[in-house]
Amino acid sequence: MADITPAEIDRLYEKLDKEAASAGYNLNPEKAMTRELLNGLLMNQQRYGYPSCPCRLASGKKEADLDIICPCDYRDPDLEDFGACYCSLYVSKGVAEGKEKARSIPERRPSRDKRLKVKEEKKEATISSLPLPVWRCKVCGYLCAREVPPGVCPICKAGKERFERFI
Ligand code: SF4
C-alpha cells in the first residue's frame, strides 16, 4: 500500500471543507487531528476501495459497510446529540467556533447482528402505495421519487449506493 502524501491530504481537506461549508457542516478546526483522520480515510480508500470511517473496523465488503462510508449514517444524529461525529471529523457550529465543547461520543452503530436483522425487516416491509418509491441521499438529504435512485446525487454528487429507500 502506497503512503498517503501531504498533498493528497491537502486536496481532500480542501474538498471536504468546501462541501461541508456549502451544506452547513463544519470540519473540526483542530487541523492536526483532522489531517490524521483524512489520512485514515485515504488509507481506507486505498485498502478497501471506499472511504470507510477511520475510527471503525470495516469488513472490506462495501455492501456491508455502506453505513460507515464517510460521511456515515450516524454523523447527523451524533452532531445533534454530542456536537461531533464519532471520530470528531465533523463538529457542530458551536464546537467549531469554540463556544461549546464536544461531549464523549458513544458508538451508535448497531452490532452486526442487529444491522442484518434491520436489513431483513426492511426487505419484508410493506411497499408503500405511492406510484413511485421515494429515494433519499444519505449524504445531503436530497429526495426524489423515481423507479431507481439516480446514478449520482444532483446536489452533492454522492454515488447511487449512498441513496436509501425513504418511502
Ligand atoms: S462522519 Fe465522522 S464518524 Fe462518520 S464516517 Fe466520517 S469520520 Fe467517521
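Within segment 94-127, the only residue that satisfies the criterion of being acidic (Asp, Glu), in a loop (DSSP other than H, G, I, E, B) and either within 16 Å of the ligand (Cβ to nearest atom) or under 18 Å from Arg165 (Cβ atoms) (or both) is Glu107.
If we scan segment 23-41, do we find a residue that is open to solvent by less than 30 Å² (accessible area, probe 1.4 Å) and touching a residue at least 60 places away in the same chain (Cβ under 8 Å)? Yes. It is to be established whether one or more residues within segment 56-68 are exposed (fewer than 14 other Cβ atoms within 10 Å of the Cβ) and either near the ligand (Cβ under 9 Å from one of its atoms) or among the basic types (Lys, Arg) (or both). Yes; the residues of segment 56-68 include at least one that is exposed (fewer than 14 other Cβ atoms within 10 Å of the Cβ) and either near the ligand (Cβ under 9 Å from one of its atoms) or among the basic types (Lys, Arg) (or both). When Glu164, Glu121, Glu80 are checked against the criterion of being modelled with pLDDT of 90 or more and surrounded by fewer than 12 Cβ atoms within 10 Å (Cβ to Cβ), Glu80 stands alone in meeting it.
Tell me yes or no: at least one residue of segment 83-93 is more than 9 Å from the ligand (Cβ to nearest atom), over 22 Å from Ser52 (Cβ atoms) and outside any loop (DSSP other than H, G, I, E, B). Scanning segment 83-93 turns up at least one residue that is more than 9 Å from the ligand (Cβ to nearest atom), over 22 Å from Ser52 (Cβ atoms) and outside any loop (DSSP other than H, G, I, E, B).
Among all residues of segment 156-167, there is at least one that is over 25 Å from Ile9 (Cβ atoms) and in a loop (DSSP other than H, G, I, E, B).
Can you tell me which residues in segment 102-118 are more than 22 Å from Pro71 (Cβ to Cβ) and open to solvent by 100 Å² or more (accessible area, probe 1.4 Å)? Selection gives Asp113, Lys117.
The values are calculated or read from the model by the stated rules, or taken from the named source; none is laboratory data. The model shown is predicted, which means the values in this text are computed figures rather than measured ones. Ideal geometry is used to build each Cβ from the backbone, glycine not excepted, and the neighbour counts take in all protein chains shown. Please note that ligands, DNA and RNA were not included when accessible areas were found on the heavy atoms of the full protein model with its side chains. Shrake-Rupley method; radii C 1.70, N 1.55, O 1.52, S 1.80 Å.
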